[in-house]
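I have placed the structure first, in the form of structure tokens, so that the comments after it can refer back to it.
The values are calculated or read from the model by the stated rules, or taken from the named source; none is laboratory data. All values derive from a computational prediction rather than experimental measurement. Methodologically, a virtual Cβ is constructed for each residue, glycine included, from the backbone with ideal geometry; neighbour enumeration extends over all protein chains shown.
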Protein chains: 2
Amino acid sequence: MKKIRIGIAGYGNLGKGVEMAIRQNEDMELAGVFTRRDPATVTVKTPGVKAYTMEDAKNMKDQIDVMIICGGSATDLPKQTPELAKDFNVIDSFDTHANIPQHFANVDAAAKENGHLAMISVGWDPGLFSLNRIYAESILPNGKTYTFWGKGVSQGHSDAIRRIPGVKRGIQYTVPVEEAMDQVRAGKQPELTTRQKHTRECFVVAEEGADKKQIEESIKTMKNYFDEYDTTVNFISEEEFDAVHNKMPHGGFVMRSGMTGENENTHQMIEYSLKLESNPEFTSSVLVAYARALSRMKAEGMTGCKTVFDVAPAYLSPLSADEIRAHLL
Amino acid sequence: MKKIRIGIAGYGNLGKGVEMAIRQNEDMELAGVFTRRDPATVTVKTPGVKAYTMEDAKNMKDQIDVMIICGGSATDLPKQTPELAKDFNVIDSFDTHANIPQHFANVDAAAKENGHLAMISVGWDPGLFSLNRIYAESILPNGKTYTFWGKGVSQGHSDAIRRIPGVKRGIQYTVPVEEAMDQVRAGKQPELTTRQKHTRECFVVAEEGADKKQIEESIKTMKNYFDEYDTTVNFISEEEFDAVHNKMPHGGFVMRSGMTGENENTHQMIEYSLKLESNPEFTSSVLVAYARALSRMKAEGMTGCKTVFDVAPAYLSPLSADEIRAHLL
């Protein structure tokens, strides 16, 4: 069997996760890593695979079936994905929800013009959580959907803490409020405010001599990040920080509480949850499964930009149609 | 907008649930109910809609876009679905897992020969649980999948109880073992026996003068139904039975415990669960959402037999592609 040849553009946590995920899938192989750093300084873990500059990619079009783009959503992906879609079939995990329509349009145009297939916003939210929203809302049209995140590290909020003067190290955990989730599970369909759904827990190592009261105040009142939440700030030692807060766990819940029946008073509850020890490794695993789907859909002649909504689940599995019907249905 | 015209073949709990689900979807309408009973004795709840004999269906081909077949899996569907697929686009909830490949082949042949599109085994297991198995196994290839059912009424086990001499009324609940689920959630990937995964709770109204010890013994030792489980049998009054055990709740859990990362020691947990106050009403809601998908896929020219694995999620939603990307992704 000819393996699906994957390129990785961007070799940070996500790119390294993709590399590890490829190893778990026998029908795939890593063809190259593309980086903005000096490739000579980058050691690819997979034996026999090299690092290249982003510019080198153009010369390797015929060696790569799917390019998985592992940049950040703020500034990398809006440029990289449409650009790389000119030369490759591409997939990214773009997660700035508000800008998805614009990103989709840009990538769709670039991919279509060049006869390529692209997928954007592949991961768990957007991604698997989106799938659960569309399935649940289509099945239970009379109902309410709730998304809770955590417990997990928010990179954006952790970065915000670290920008405060006097903060040496900082990390923020988003924590879903258990009582709110229990109300939803009980079928009460509550209206929940931002504050009622999540709390924010911060762990901070202060610079020597820093004003901890001032740091705590700065965090708790920070607009758009913390002011609408109940936030706790814990000052800890650097040793404790390094020992306990060195992981990137995350996860969350998508719940649909719906009503059916003649009087629409029969309660039906759908709940999906993820508990992830490593957010980037999991997102990588989702990307790799969708890279398989992408290569199959491309082989059937599809072009342009797709999302998880457009991918029939059978495309994701390495098993044949007969096998999945016999063993998974 | 032209509505999707649905026919219902079989007007029991499932068929009535389909009728109620159609009311919740503005893009659909009920075109007719087809029954093996005398149609004169059947009152359809939807104003203006009539009951017909199954034979009448042949004369109404141009009035029905999708026929939802609401018969039982044991004897009805293996005959009805291939037969009706000759004249209609059809969908069923065939749930005898072991016979799915044969049923698929029969329905596929009938549908293809006549240019129709069919979907089989649409519901929650098979159905939504199958989807969660394929998504989770494709994303986390190194792992173990667990399915737990309940707490809910098993029709087959309740029927088995009622066949025992001296039993006037009987119902059986399948109950998942909480400790087993917690082991899975903790990432232990245990090997679980049948007994360790579920218990069976029975509620029985005995005939006057019946030997309760004998009934209990007959239930607990019944081959294929109860002998491999820890079973409890509760004798209750007919009043209590009618007051408490008059519903058809069900549900369950699909869990995937997987490992990622360089040493494959990062634990990632995916869990999907349903808590349903009415099993038939929920299955009906799934059927109706997939009837929408079926009518769209047929409009694109597809024929033959499909399962939930072949249906891209976007087909299920009444919203447009732009809307789902903007609001659900």
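Tell me whether segment B:221-236 contains one or more residues that are part of a helix (DSSP H, G or I), more than 19 Å from B:T194 (Cα to Cα) and not aromatic (F, W, Y). Checking segment B:221-236: not a single residue is part of a helix (DSSP H, G or I), more than 19 Å from B:T194 (Cα to Cα) and not aromatic (F, W, Y).
Scanning segment A:214-239 for residues that are free of Cβ contacts under 8 Å to residues at least 12 places away in the same chain and within 29 Å of the chain's Cα centre (by Cα) gives A:T221, A:K223, A:N224, A:D227.
Take the residues in segment A:195-217 that are touching a Phe, Trp or Tyr at 6+ places or on another chain (Cβ under 9 Å) and either among the hydroxyl-bearing types (S, T, Y) or more than 29 Å from A:A180 (Cβ to Cβ) (or both), then tell me which one is surrounded by the most Cβ atoms within 10 Å (Cβ to Cβ).
A:A206
Of all residues in segment A:1-48, those satisfying the criterion of being in a strand (DSSP E or B) and touching a residue at least 60 places away in the same chain (Cβ under 8 Å) are A:I4, A:R5, A:I6, A:G7, A:I8, A:A9, A:M28. Among the residues of segment B:62-112, those that are β-branched (V, I, T) and either within 18 Å of B:V308 (Cα to Cα) or modelled with pLDDT under 95 (or both) comprise B:V66, B:I68, B:I69, B:T75, B:T81, B:V90, B:I91, B:T96, B:I100, B:V107. Sub-7 Å Cβ pairs linking a first residue in segment A:126-141 that is free of Cβ contacts under 8 Å to residues at least 40 places away in the same chain to a second residue that is outside any helix (DSSP H, G or I), at least 6 apart or interchain, are A:S138/B:S317, ordered by first then second residue.
Can you tell me which residue is surrounded by the fewest Cβ atoms within 10 Å (Cβ to Cβ) among those in segment A:147-187 that are of a type in the set (A, V, I, L, M, F, W, C) and in a loop (DSSP other than H, G, I, E, B)? I'd like the intermediate steps shown before the answer.
Pass one, segment A:147-187, residues of a type in the set (A, V, I, L, M, F, W, C): A:148-149, A:153, A:160-161, A:164, A:167, A:171, A:175, A:177, A:180-181, A:184, A:186.
Next cut, in a loop (DSSP other than H, G, I, E, B) only: A:164, A:177, A:186.
Details: A:I164: 18, A:V177: 17, A:A186: 12.
Checking each candidate, the answer is A:A186.
The set of residues from segment B:310-323 being within 26 Å of the chain's Cα centre (by Cα) and either more than 7 Å from every other protein chain (Cβ to nearest Cβ) or among the aliphatic types (A, V, I, L, M) (or both) comprises B:V311, B:A312, B:A314, B:Y315, B:L316, B:P318, B:L319.
Could you check, for segment B:250-260, whether at least one of its residues is of a type in the set (S, T, N, Q) and part of a strand (DSSP E or B)? Looking for residues that are of a type in the set (S, T, N, Q) and part of a strand (DSSP E or B), one finds at least one in segment B:250-260, hence yes. I'm checking my understanding of the structure. Among residues of segment B:254-273 that are more than 7 Å from chain A (Cβ to nearest Cβ) and without any contact (Cβ under 8 Å) to a residue 40 or more places away in the chain, which one is surrounded by the fewest Cβ atoms within 10 Å (Cβ to Cβ)? Across segment B:254-273, the extreme among qualifying residues is B:N263. If you go through segment B:310-329 and keep only what is part of a helix (DSSP H, G or I) and buried (at least 23 other Cβ atoms within 10 Å of the Cβ), you end up with B:P313, B:A314, B:L316, B:I324, B:R325. Scoring B:Q183 on the criteria (1) in contact with a helix residue (DSSP H, G or I) (Cβ under 6 Å, 6 or more places away or on another chain); (2) without any contact (Cβ under 8 Å) to a residue 40 or more places away in the chain leaves a single failure, condition (1). Do the conditions hold for B:K61, that is, is it surrounded by fewer than 24 Cβ atoms within 10 Å (Cβ to Cβ) and farther than 21 Å from B:E19 by Cα? No; evaluated as a whole, the condition is false for this residue. Scanning segment B:276-329 for residues that are on the phi > 0 side of the Ramachandran plot and in contact (Cβ under 8 Å) with a residue 40 or more places away in the chain gives a single hit, B:G304. Evaluated against (1) more than 12 Å from A:G10 (Cα to Cα); (2) touching a strand residue (DSSP E or B) at 6+ places or on another chain (Cβ under 9 Å); (3) modelled with pLDDT of 95 or more, A:T53 falls short on exactly one condition, (1). If the condition is being more than 16 Å from A:F282 (Cα to Cα) and polar (S, T, N, Q), then segment B:133-159 contributes B:T145, B:T147, B:S154, B:Q155, B:S158. Return the pairs, sorted by first residue and then second, in which the second residue is part of a loop (DSSP other than H, G, I, E, B) and at pLDDT 95 or above, the first residue lies in segment A:73-95 and is among the basic types (K, R), the beta carbons are less than 6 Å apart, and the residues are 6+ apart or on different chains. Here the result reads A:K86/A:N114, each pair linking segment A:73-95 to a residue that is part of a loop (DSSP other than H, G, I, E, B) and at pLDDT 95 or above.
Take the conditions assigned to a strand (DSSP E or B) and surrounded by fewer than 22 Cβ atoms within 10 Å (Cβ to Cβ) and apply them to B:K144. Does it pass? For B:K144, the condition - assigned to a strand (DSSP E or B) and surrounded by fewer than 22 Cβ atoms within 10 Å (Cβ to Cβ) - is met. Within segment A:157-179, does at least one residue satisfy the condition of being touching a helix residue (DSSP H, G or I) at 6+ places or on another chain (Cβ under 8 Å), within 13 Å of another protein chain (Cβ to nearest Cβ) and not β-branched (V, I, T)? No, segment A:157-179 contains no residue that is touching a helix residue (DSSP H, G or I) at 6+ places or on another chain (Cβ under 8 Å), within 13 Å of another protein chain (Cβ to nearest Cβ) and not β-branched (V, I, T).
Looking at segment B:282-305, is at least one residue assigned to a helix (DSSP H, G or I), farther than 29 Å from A:R185 by Cα and within 11 Å of chain A (Cβ to nearest Cβ)? For segment B:282-305, residues assigned to a helix (DSSP H, G or I), farther than 29 Å from A:R185 by Cα and within 11 Å of chain A (Cβ to nearest Cβ): present.
Applying the selection to segment B:90-131, what residues are polar (S, T, N, Q), more than 8 Å from chain A (Cβ to nearest Cβ) and buried (at least 23 other Cβ atoms within 10 Å of the Cβ)?
Within segment B:90-131, B:S93 is the sole residue that qualifies.
Would you check if B:I134 is of a type outside the set (K, R) and within 30 Å of B:P249 (Cα to Cα)? So B:I134 passes the test. Across segment B:64-79, which residue is nearest to the chain's Cα centre (by Cα) among those that are within 18 Å of B:E113 (Cα to Cα) and buried (at least 23 other Cβ atoms within 10 Å of the Cβ)? The selected residue is B:M67.
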